[in-house]
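Student: The structure under discussion is supplied below as structure tokens; questions concerning it will follow.
None of the figures in this text is laboratory data; all of them are computed from the coordinates on show. Keep in mind that this is a model prediction, so the values were computed, not measured. All Cβ positions, glycine included, derive from the backbone under ideal geometry; neighbour counts span all protein chains shown.
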Amino acid sequence: MTTPEERVQQLHLELPNAPKPVAVYKTAVLVGNLLYVSGHGPLKKDGTLITGKVGADLTLEQGKAAARQTGLAILATIKATLGSLDKVVRLVKTLGMVNSPPDFPDHPKVINGYSELMAEVFGPDAGVGARSAVGMGSLPGNIAVEIEAIFEVKV
């Protein structure tokens, strides 16, 4: 059975450096066996963010790629917090927010970029949890996507 750390290597995924808080909060908080991960944006390996409104400045596919990139940033935070992705038992809940115009209808398709990554890394059972995908009139710094999540972990 392949572990999440091994899957990251097999998939040739490059995690960015774990993001630092940009205000007064923690990027992740461990309470019992639950890891609450704060809202993350599409942080790239070079430290820049993917910005713009999906459905106006960015295509659906570009938005989906931004959501996947956000997932990589979340994985980086999990690894920095726990020391290993192998400590994740399962993804419990995700809130995906898409920076989009009012008439954009495909928020769930955008957030699938993140959800598909979690399923690839943690498996089709442990990597798929409850989820909401919603549109926002704006997001901090005009980022394309913001995602927060809760994971069950081994402590």
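Student: Among all residue pairs at least 6 apart or on different chains, which show Cβ distances below 6 Å where the first residue, located in the stretch 12-33, is exposed (fewer than 13 other Cβ atoms within 10 Å of the Cβ) and the second is of a type in the set (A, V, I, L, M)?
Tutor: Asn33/Val153; Asn33/Val155
Student: While we're on this one: Any residue in the stretch 47-62 that's under 27 Å from Ala18 (Cβ atoms): show its pairings with residues that are exposed (fewer than 15 other Cβ atoms within 10 Å of the Cβ) and of a type in the set (Gly, Ala, Ser) at Cβ separation under 7 Å, as long as the two are six or more apart or on different chains.
Tutor: So the pair list comes out as Leu49/Gly141; Thr51/Gly141.
Student: Which one of these is among the small types (Gly, Ala, Ser), out of contact with any helix residue (DSSP H, G or I) (no Cβ under 6 Å at 6 or more places or on another chain) and within 19 Å of Met118 (Cα to Cα): Gly55, Gly39, Gly63? Can you show your working first?
Tutor: Numbers: Gly55 fails: within 19 Å of Met118 (Cα to Cα); Gly63 fails: out of contact with any helix residue (DSSP H, G or I) (no Cβ under 6 Å at 6 or more places or on another chain).
Matching residue, one of Gly55, Gly39, Gly63: Gly39.
Student: Okay, next question. Select from the stretch 34-57 the residues that are aliphatic (A, V, I, L, M) and over 14 Å from the mean Cα position of the chain (by Cα) and write down the one among them that is surrounded by the fewest Cβ atoms within 10 Å (Cβ to Cβ). Walk me through it before giving the result.
Tutor: Of the residues in the stretch 34-57, the ones aliphatic (A, V, I, L, M) are 34-35, 37, 43, 49-50, 54, 56.
Filter once more, so that each one left must be over 14 Å from the mean Cα position of the chain (by Cα): 34, 54, 56.
Values: Leu34: 15, Val54: 27, Ala56: 12.
Looking at residues that are aliphatic (A, V, I, L, M) and over 14 Å from the mean Cα position of the chain (by Cα), I get Ala56.
Student: Kindly check whether there is at least one residue in the stretch 77-87 that is buried (at least 22 other Cβ atoms within 10 Å of the Cβ), free of Cβ contacts under 8 Å to residues at least 40 places away in the same chain and of a type outside the set (S, T, N, Q). Reasoning before the result, please.
Tutor: Residues of the stretch 77-87 that are buried (at least 22 other Cβ atoms within 10 Å of the Cβ), as a first pass: 77-78.
Now narrow it down to the ones that are free of Cβ contacts under 8 Å to residues at least 40 places away in the same chain: none.
There is no residue in the stretch 77-87 that is buried (at least 22 other Cβ atoms within 10 Å of the Cβ), free of Cβ contacts under 8 Å to residues at least 40 places away in the same chain and of a type outside the set (S, T, N, Q).
Student: More than 15 Å from the chain's Cα centre (by Cα) and in a helix (DSSP H, G or I): is that true of Asp103 in this structure?
Tutor: Numbers: more than 15 Å from the chain's Cα centre (by Cα): yes; in a helix (DSSP H, G or I): no.
No: the conditions fail for Asp103.
Student: Would you confirm, using the coordinates I've provided, whether Gly63 is closer than 21 Å to Leu15 by Cβ, part of a loop (DSSP other than H, G, I, E, B), among the small types (Gly, Ala, Ser) and over 11 Å from the mean Cα position of the chain (by Cα)?
Tutor: Working: closer than 21 Å to Leu15 by Cβ: yes; part of a loop (DSSP other than H, G, I, E, B): no; among the small types (Gly, Ala, Ser): yes; over 11 Å from the mean Cα position of the chain (by Cα): yes.
No.
Student: Something else: If the Cβ limit is 6 Å and pairs must be 6+ apart or interchain, which residue in the stretch 114-129 that is of a type in the set (A, V, I, L, M, F, W, C) pairs with which residue that is assigned to a helix (DSSP H, G or I)?
Tutor: Matching pairs, first to second residue: Leu117/Arg68; Leu117/Gly71; Val121/Pro4; Val121/Arg7; Phe122/Pro4; Val128/Ala119.
Student: Restricting the search to the stretch 130-147, which residues are touching a residue at least 40 places away in the same chain (Cβ under 8 Å), at negative phi and surrounded by fewer than 18 Cβ atoms within 10 Å (Cβ to Cβ)? Lay out the reasoning, then the answer.
Tutor: Pass one, the stretch 130-147, residues touching a residue at least 40 places away in the same chain (Cβ under 8 Å): 139-147.
From what is left, the residues that are at negative phi are 139-140, 143-147.
Across the stretch 130-147, the qualifying residue is only Pro140.
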